[in-house]
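The values are calculated or read from the model by the stated rules, or taken from the named source; none is laboratory data. Source: prediction; values computed, not measured. Note that we place each Cβ from the backbone using ideal geometry, even for glycine, and neighbour counts take in every protein chain shown.
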Amino acid sequence: MPTRPISRGPELLTPAQARRVYAYNEEVFGRFVRRLRGRSWRSVRRKREIGHQSLFDTLVHILNVHEVWVGYILRGRTSDEELQRLFDDPARHPSDWKGFRAYNDRVWVTVHDYLSKATPRGLSQPVKVFWMPGRYVASDGLLQATFEQAHHLGEIIGALWQDDVEPPEMTWVGVGPCTPSTRPRRGR
């Protein structure tokens, strides 16, 4: 059966929804970073048959995705020169936890800055990048980075299960806006 394109309104996410989704993204990502930092360096750098080989490199790739989408594409910084400078930046390719921490902080500051200024009009603005065909708007880009993070965290989960290691909690209901500390109490 043929699939139909997803129908879209002028925006997929409101600014408040985008901030909630990204608060979740950052919290879940941080949980995975903490879990992997607790493992040996050899374990996190070991080549595995996942998309970016090692667990560490997969975390770095997730940051790369957020940075290019939120820091560049959604801001209209898509010239070949700008993107090439970004792709060549050595800070985007950390080789230890110290470099990772600096890069992690840089990316999330960029995300917070973008989301703090997000408007309905801005989230419905068309954006374009050479490697992604089609028509899409800024909120699609936020969701693209979100879903790519979920995909790659799934790879990490599978690798952790292979090592008989429990992955961190990552469900929206368990981590997101409905966490136990924010759930309304039932009347007595």
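Some observations on this one:
- If you go through the range 46-67 and keep only what is part of a helix (DSSP H, G or I) and either surrounded by 22 or more Cβ atoms within 10 Å (Cβ to Cβ) or in contact (Cβ under 8 Å) with a residue 24 or more places away in the chain (or both), you end up with LEU55, PHE56, THR58, LEU59, VAL60, HIS61, ILE62, LEU63, ASN64, VAL65, HIS66, GLU67.
- Within the range 98-117, residues that are farther than 10 Å from GLY71 by Cα sit with their Cβ atoms under 6 Å from residues that are surrounded by 13 or more Cβ atoms within 10 Å (Cβ to Cβ) and of a type in the set (Phe, Trp, Tyr), at 6+ positions apart or across chains, in these pairs: LEU115/TYR22.
- Selection from the range 71-88 of residues that are surrounded by 14 or more Cβ atoms within 10 Å (Cβ to Cβ) and either hydroxyl-bearing (Ser, Thr, Tyr) or touching an Asp or Glu at 6+ places or on another chain (Cβ under 6 Å) (or both): TYR72, THR78
- Odd one out for LEU83 among (1) closer than 19 Å to GLN17 by Cα; (2) at pLDDT below 95; (3) in a helix (DSSP H, G or I): (1)
- Considering (1) surrounded by 15 or more Cβ atoms within 10 Å (Cβ to Cβ); (2) in contact (Cβ under 8 Å) with a residue 60 or more places away in the chain, the lone condition that THR14 does not fulfil carries the number (1).
- Hits in the range 123-150 - residues which are without any contact (Cβ under 8 Å) to a residue 24 or more places away in the chain and either outside any helix (DSSP H, G or I) or surrounded by 12 or more Cβ atoms within 10 Å (Cβ to Cβ) (or both): GLN125, PRO126, TRP131, MET132, PRO133, GLY134, ARG135, TYR136, ALA150
- The listed residue being over 17 Å from TYR22 (Cβ atoms) and modelled with pLDDT of 95 or more, out of GLU148, GLU166, GLU155: GLU155
Residue by residue, here is whether (1) in a helix (DSSP H, G or I); (2) modelled with pLDDT of 95 or more; (3) surrounded by 17 or more Cβ atoms within 10 Å (Cβ to Cβ) holds:
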position: ARG4; (1), (2), (3): no, no, no
position: GLY9; (1), (2), (3): no, no, no
position: ALA18; (1), (2), (3): yes, yes, yes
position: GLU27; (1), (2), (3): yes, yes, no
position: VAL44; (1), (2), (3): yes, yes, yes
